[in-house]
Amino acid sequence: MSVKYVSKNGEVYEGEYDLKIARHTTSHILAQAIKRLYPDAKLAIGPAIDNGFYYDFDNLSIKQEDLEKIEAEMKNIVKENLKIEAFKLPREEAIKLMEERNEPYKVELINDIPDGEDISFFKQGEFVDLCVGPHMLYTKGVKAFKLLSITGAYWRGNENNKMLQRIYGTTFENKEKLDEYLKEREEAINRDHNKIGRELELFTTVEEVGQGLPLLMPKGARMMQILQRLVEDEEEKRGYLLTKTPFMAKSDLYKLSGHWDHYKDGMFILGDEKNDKEVFALRPMTCPFQFMIYKNSLHSYKELPFRYNETSTLFRNEASGEMHGLTRVRQFTLSEGHLVVRPDQVEEEFKGVLDLIKYFMRVLNIEDELTYRFSKYDPNDKTGKYIDNKEAWENAQAKMKIILDNLGIDYVEAEGEAAFYGPKLDIQGKNVYGKEDTIITIQLDFFLPESLDMSYVDKDGKKKRPVVIHRSAIGSYERTLAMLIEKYAGAFPLWISPVQVKILPISENEIEYAKKIETELLNNKYRVEVDSSDEKIGYKIRNAQLEKVPYMIILGKDEVNNSTISVRSRSGEKQDNISLDSFKNKLKQEIEDVLK
């Protein structure tokens, strides 16, 4: 399908239907509709994004039910088939235009445009917006769109700025594709860990506790415990040494490690440097603590590698607008580890770390859903984000690339995504909405051993600098739990289900036998509950299904008389009058098949 477009230079050209341009055009149609319906609203920004578009507004207070009215006005604008025209203005005239229209956010954006760059606008009917385009030539080029949701968003993503109202929407080239997307989105919403996690009472949030501080309820806490035990047991098998370090430290430690210079804005600071003799900070990561443990004594080259692991509670001062369920929080638990190795051990130990991670990915059944990203530093960065040593960076990245290539990893490169102290391999995953995030990371570090004066005595009797590998095993436990909730829609595999078996006596006559079965299963370390309520058996079964329990044991008088059980699986399969021993063997085999 051929469509006409207009560039910021006013050039009209023809090309294939471009979804990104269509979505950007729709964001302008949304803004025009808002200005018609709510003239006092102030325009902020309205870009196209991966799955649609959004526009941020100030001085606007609408609810979800208002979207239908706004959509109707947008459809009127499309029907009017307004021609979209581009024009440019000198800086002073551009500012004057936006001031006359009482658009302070646009004035601020114009002031931020470097001298000498074009200041371009797009006009459709009475509506004018600061924009670099391109856009469709006519509003009728937008074929199928839908407004989806309303959220809050800080101006420029800074929580110190004003909270604006953001309207999300999407656009497609035809109604069929829009309907298909909306159906997929509805399914995604139904799998959202925020929804399912609360319904299954895995976690909750409370305003009085604070944003980004989820409360894990008994079932969610049990799942976290299962994951932590799995990780710590496997790490112990692979030669890791468990540490337990403080949740906070003096600023002196973070200054030595470089976190104070490069990560301070992301930390919770306790005290005031100007007025307090000692200033502390909650730890954003554990590495400098474990390195102090390493430095507690002198080490020979024969002792290396040292593999330290810790289930770490960490704190990061995330912006309020970034918080989301269990995936973006201010306090989280990390399967953290640091390996102190000789230079000749780097590749082999890196391989061992990746093998450990792949084991957990296989157990969690997410291996095929993850991708790899080689995250490098940006040599042109002027913000002070990275340790300033170009030669060392290039050397570290060259060595890491050799390792990745030798391991045959299929990765993409991303400049500007490195940690401040070194390049890293990021293992990326997507949530139900398609948003990509870093799930697990392995980082190569040649800098901190230098800044923290770490050393070992080599075979020639001289002190040498080790290399450090930072790694997580399954990443943040909270984020991993969120991934599992969304992957299985709450119907978890047996091994990690918070309740593996629900015992359902048909009447009070079977409760004593149910308790006996419960005790036997608990003694064999299975997670089991008895529904001893007075409800009818059909209701009990339905409740267990809603709780997504893998297995139900149904007990009536026949089972009591024969000392047997009847089993019903979550999928509806039934086995009547079987022995408890055979059921236990089935549970054991099902779990072993995953964890082997």
Output the qualifying pairs, or none if there are none: Cβ atoms under 9 angstrom, residues six or more apart or on different chains, first residue in the range 460-485 and free of Cβ contacts under 8 Å to residues at least 40 places away in the same chain, second residue part of a strand (DSSP E or B) and not charged (D, E, K, R). Lys463/Tyr456; Lys463/Val457; Arg465/Tyr456
Give just the number: which of (1) outside any loop (DSSP other than H, G, I, E, B); (2) modelled with pLDDT under 95; (3) β-branched (Val, Ile, Thr) does Val206 not satisfy? (1)
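Please tell me if Leu253 is modelled with pLDDT under 95, in the same structural domain as Glu318 (by TED's automatic domain parsing) and either surrounded by fewer than 18 Cβ atoms within 10 Å (Cβ to Cβ) or part of a helix (DSSP H, G or I) (or both).
On the way: modelled with pLDDT under 95: yes; in the same structural domain as Glu318 (by TED's automatic domain parsing): yes; either surrounded by fewer than 18 Cβ atoms within 10 Å (Cβ to Cβ) or part of a helix (DSSP H, G or I) (or both): yes.
Considered against the rule, which asks whether it is modelled with pLDDT under 95, in the same structural domain as Glu318 (by TED's automatic domain parsing) and either surrounded by fewer than 18 Cβ atoms within 10 Å (Cβ to Cβ) or part of a helix (DSSP H, G or I) (or both), Leu253 comes out as yes.
Considering only strands (runs of 3 or more DSSP E) fully contained in the range 257-369, which possess at least 2 residues that are of a type in the set (Gly, Ala, Ser) and in contact (Cβ under 8 Å) with a residue 60 or more places away in the chain?
Numbers: elements: 280-282, 306-315, 331-341.
Result: 331-341.
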Do any residues in the range 508-519 that are farther than 16 Å from Ser579 by Cβ have Cβ atoms under 8 Å from those of residues that are in a helix (DSSP H, G or I) and among the hydrophobic types (A, V, I, L, M, F, W, C), where the two are at least six apart or on different chains, and which pairs are they? Asn509/Val560; Glu510/Val560
Under the condition of being modelled with pLDDT under 95 and part of a loop (DSSP other than H, G, I, E, B), which residue from the range 103-124 is nearest to the chain's Cα centre (by Cα)? Ile113
The residue from Ser533, Ser507, Ser563, Ser582 that alone is out of contact with any helix residue (DSSP H, G or I) (no Cβ under 9 Å at 6 or more places or on another chain) and not assigned by TED's automatic domain parsing to the domain that holds Met217 is Ser582
Which of the numbered conditions does Pro47 fail, given that it passes all the others? Conditions: (1) under 28 Å from the mean Cα position of the chain (by Cα); (2) surrounded by 14 or more Cβ atoms within 10 Å (Cβ to Cβ). (2)
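Per-residue answers, yes or no, for (1) within 29 Å of Lys351 (Cα to Cα); (2) touching a strand residue (DSSP E or B) at 6+ places or on another chain (Cβ under 6 Å); (3) crowded, with 17+ Cβ neighbours inside 10 Å:
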site: Asp261; (1), (2), (3): no, no, no
site: Met267; (1), (2), (3): no, yes, yes
site: Asp272; (1), (2), (3): no, no, no
site: Lys295; (1), (2), (3): yes, no, no
site: Ser300; (1), (2), (3): yes, yes, no
site: Arg307; (1), (2), (3): yes, yes, yes
For the range 399-448, list the strands (runs of 3 or more DSSP E) that sit wholly inside it and hold at least 2 residues that are in contact with a Lys or Arg (Cβ under 9 Å, 6 or more places away or on another chain), at pLDDT 85 or above and of a type in the set (Ser, Thr, Tyr); which are they? 436-445
Considering only residues that are assigned by TED's automatic domain parsing to the domain that holds Phe53 and not in a helix (DSSP H, G or I), look in the range 171-199 and name the one that is surrounded by the fewest Cβ atoms within 10 Å (Cβ to Cβ). Asn174
When the residues of the range 146-170 are filtered to those that are at pLDDT 95 or above and of a type in the set (Val, Ile, Thr), which remaining residue is surrounded by the most Cβ atoms within 10 Å (Cβ to Cβ)? Ile167
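Suppose we filter Pro284, Pro288 for residues that are within 20 Å of Val353 (Cα to Cα) and crowded, with 17+ Cβ neighbours inside 10 Å; which single one remains? Let's see the steps before the verdict.
On the way: Pro284 fails: within 20 Å of Val353 (Cα to Cα).
One residue alone meets the criteria, Pro288.
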With the checklist (1) in contact (Cβ under 8 Å) with a residue 60 or more places away in the chain; (2) of a type in the set (Asp, Glu); (3) closer than 23 Å to Thr151 by Cβ in hand, flag the one item Glu85 doesn't pass. (3)
Mind checking which residues of the range 239-255 are touching a residue at least 60 places away in the same chain (Cβ under 8 Å) and in contact with a Phe, Trp or Tyr (Cβ under 9 Å, 6 or more places away or on another chain)? Tyr240, Leu241, Leu242, Thr243, Thr245, Phe247
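Starting from residues that are among the β-branched types (Val, Ile, Thr) and more than 30 Å from Glu187 (Cα to Cα), keep the ones in the range 455-504 and report whichever is nearest to the chain's Cα centre (by Cα). If you could, list the steps in order and put the result at the bottom.
If we filter the range 455-504 for residues that are among the β-branched types (Val, Ile, Thr), which is where we start, we get 457, 467-469, 474, 480, 485, 496, 499, 501, 503.
Still in the list and also more than 30 Å from Glu187 (Cα to Cα): 457, 467-469, 503.
Working: Val457: 41, Val467: 29, Val468: 26, Ile469: 23, Ile503: 36 Å.
Checked the range 455-504; the qualifying residue nearest to the chain's Cα centre (by Cα) is Ile469.
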Tell me which residues, restricted to the range 126-159, are touching a strand residue (DSSP E or B) at 6+ places or on another chain (Cβ under 9 Å) and part of a loop (DSSP other than H, G, I, E, B). Cys131, Val132, Gly133, Pro134, Leu137, Val142, Lys143
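The values are calculated or read from the model by the stated rules, or taken from the named source; none is laboratory data. Please read these numbers as outputs of a predicted model, since none were measured by experiment. Using ideal geometry, Cβ is built from the backbone for each residue, glycine included, and neighbour counts are taken over all protein chains shown.
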